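The structure appears right after this line, and notes come after that.
The values are calculated or read from the model by the stated rules, or taken from the named source; none is laboratory data. Computed from a predicted model, the values in this text were never measured in an experiment. Heads up, the Cβs are rebuilt from the backbone with ideal geometry, glycines too, and the neighbour counts pull from every protein chain shown.
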Amino acid sequence: MTVSTNVEEYLTELQDLCKLFGEYSDITITHTEERNDENYVDRFIYERGEVKKQFAYSYKLSKTLSPLRAKSYRKRMVKNHLYSLLSKELKVNLPWGSLTGVRPTKFARDLVANGEIKDYLIPEILTKDYFVSPSRAKLVDRIIKHQKGIIQNDNMVDLYINIPICPSRCLYCSFISSEMAMVQDKVETYIDCLIKEIQCVKEIIKKKSYIVRNIYMGGGTPSVLTAQQLDRIFSQIHFSVDEITVECGRPDTITAKKLDVLKKHNVTRISINPQTFCESTLKRIGRKQKNVQVLDAYTMALERDFVVNMDVIAGLPGEKLGIFKRTMNTLLELCPHNITVHTLSVKNGALLRNSQEVIDDRDVESMIDYSEKVLTENGYKPYYLYRQKNQLKGLENVGYFRDNYICMFNVESMEETNTIIGVGAGAISKRVFNIEKKIDRQPNVKFIEDYIERIDEMIERKKEFYK
Ligand SMILES: C[S@@+](CC[C@H](N)C(=O)[O-])C[C@H]1O[C@@H](n2cnc3c(N)ncnc32)[C@H](O)[C@@H]1O
Ligand code: SF4
């Protein structure tokens, strides 16, 4: 499908929306926006082979809106109109309707915060105005209700430490992360630089009187580091915080010695990610782990009283609904504190894109529906949600918790309610100004080699950013 518009700033979003409808290379859409004072008209020409149709949608936009709000409202309207016409012509309803490029829960929360709607109207507005499916609208509503721990305070910050190194590369992954074998000789220097950046962060925190609330070490696979290397990093961090999470992820990197070090440094939560319990899929996606390693790592983690999260992915190559159900059922037997259900995203940077694997998305919606159903039946509640580009059928990732085991860092980073100070290669720092409703971002360089070479520049930039 090709789309063109006379308002260039809409183009990417309109293209993203068209992509979600799948492969219709024979369709051409031409959009023009016309304006007369407060009255706007969106005109579309829809062409498919011999068929040529015209559509016009008019709406009013109050002059009292700020330029920023007016711009975002117009963008929303034009997307809604394009969605209506495509959905009608192709007889396809998308799970998230016309919503693209937004975090659905943050979007709904902002509608309430901006005074556009009352909170009890969230499901109704999402379905009626944005064509979101009733089940997804209800999910957003449930999640917002479970996010009650959010505190918007410009003085509270989270610390994110990035370890972009993995034991080996999984076929579906597009994260920037190096295989350990390729960077082995640079790891100690990387940690030296990380520690240097952490020292700078400590000075910033002191100067700004920030209160560190949560710490998250992610990647990559931080547990690919040795126990001694983990000890070296965590020995630099002495904040009294609510939670410290280490995204171990790959069970084949987890040892008792490493968990002891994490425990010694008050780490509260780790992840051990099966992705699937089907070992032939694991082989297919190049994820070098065995189910027994998940079980061993999980036992060791529970013995040490860690809160455990487990990630799974729906739509992995070769998997049908039956295999996915078995993975979910195994997870429910293990009963970890958190379960995050991802929908496969086939990204450009992933090896999967150019592999021989066939992606079959026919069962993926049933997989996601099944996960929501059984998790709910077993006492799990959804607490954060995000969508990425190229996810099968435009579906989503949802984090579930049982009892009270919410990971606040996940909520705060997804909802963008708190400042996050990111350290390490590829880490992104965010400064949230809640009163001004403004978020500034600053990324570090992505690759380990560049980070080591440019560490002093990263530190100077960071000092300037948090001035
Ligand atoms: C930062 S990643 C990796 C964490 C850890 N290295 C691991 O592999 O277990 C966090 C999660 O994102 C999910 N993920 C990564 N790539 C994905 C993709 N292409 N599609 C869907 N989920 C993906 C996986 O479930 C993964 O556990
Ligand atoms: S999924 Fe995890 S272990 Fe696999 S390549 Fe991506 S970050 Fe590394």
So for region 146-161 (the condition being out of contact with any Asp or Glu (no Cβ under 8 Å at 6 or more places or on another chain), within 16 Å of ligand 2 (Cβ to nearest atom), at pLDDT 90 or above and under 26 Å from E412 (Cβ atoms)), does at least one residue qualify?
yes
Criterion first (at pLDDT 95 or above and either of a type outside the set (A, V, I, L, M, F, W, C) or out of contact with any His (no Cβ under 8 Å at 6 or more places or on another chain) (or both)) does Y130 satisfy it?
yes
How many of the residues in region 66-115 are assigned to a loop (DSSP other than H, G, I, E, B) and under 18 Å from the mean Cα position of the chain (by Cα)?
7
Restricting the first residue to region 371-393 and requiring it to be in contact (Cβ under 8 Å) with a residue 24 or more places away in the chain, which pairs with a second residue that is aliphatic (A, V, I, L, M) and in a strand (DSSP E or B) meet a Cβ separation below 6 Å and a spacing of at least six or different chains?
S371/V341; P382/V398; L385/V398
Check region 338-351 and report whether any residue there is among the charged types (D, E, K, R) and within 16 Å of ligand 2 (Cβ to nearest atom).
yes
In region 381-428, what residues are part of a strand (DSSP E or B), buried (at least 22 other Cβ atoms within 10 Å of the Cβ) and among the polar types (S, T, N, Q)?
Q391, T419
Would you please name the residue that is nearest to ligand 2 (Cβ to nearest atom), looking only at residues in region 248-276 that are in a loop (DSSP other than H, G, I, E, B), closer than 22 Å to L230 by Cα and in contact with a strand residue (DSSP E or B) (Cβ under 9 Å, 6 or more places away or on another chain)?
R250
Among the residues of region 204-219, are any in a loop (DSSP other than H, G, I, E, B), within 16 Å of ligand 1 (Cβ to nearest atom) and in contact (Cβ under 8 Å) with a residue 24 or more places away in the chain?
no
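Here's the yes/no breakdown for (1) within 16 Å of ligand 1 (Cβ to nearest atom); (2) out of contact with any Pro (no Cβ under 6 Å at 6 or more places or on another chain); (3) part of a helix (DSSP H, G or I):
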site	(1), (2), (3)
R136	no, no, yes
I143	no, no, yes
N153	no, yes, no
V157	no, yes, no
S174	yes, yes, no
Show the residue pairs that are 6+ apart or on different chains and have beta-carbon atoms under 8 Å apart, the first residue being within region 110-124 and surrounded by 15 or more Cβ atoms within 10 Å (Cβ to Cβ), the second being modelled with pLDDT of 90 or more and among the acidic types (D, E).
I122/D141; P123/D141
Among the residues of region 277-285, is there at least one that is farther than 19 Å from R326 by Cα and within 11 Å of ligand 2 (Cβ to nearest atom)?
no
All but one of (1) under 19 Å from the mean Cα position of the chain (by Cα); (2) not in a strand (DSSP E or B); (3) not small (G, A, S) hold for I191, so report the exception by its number.
(1)
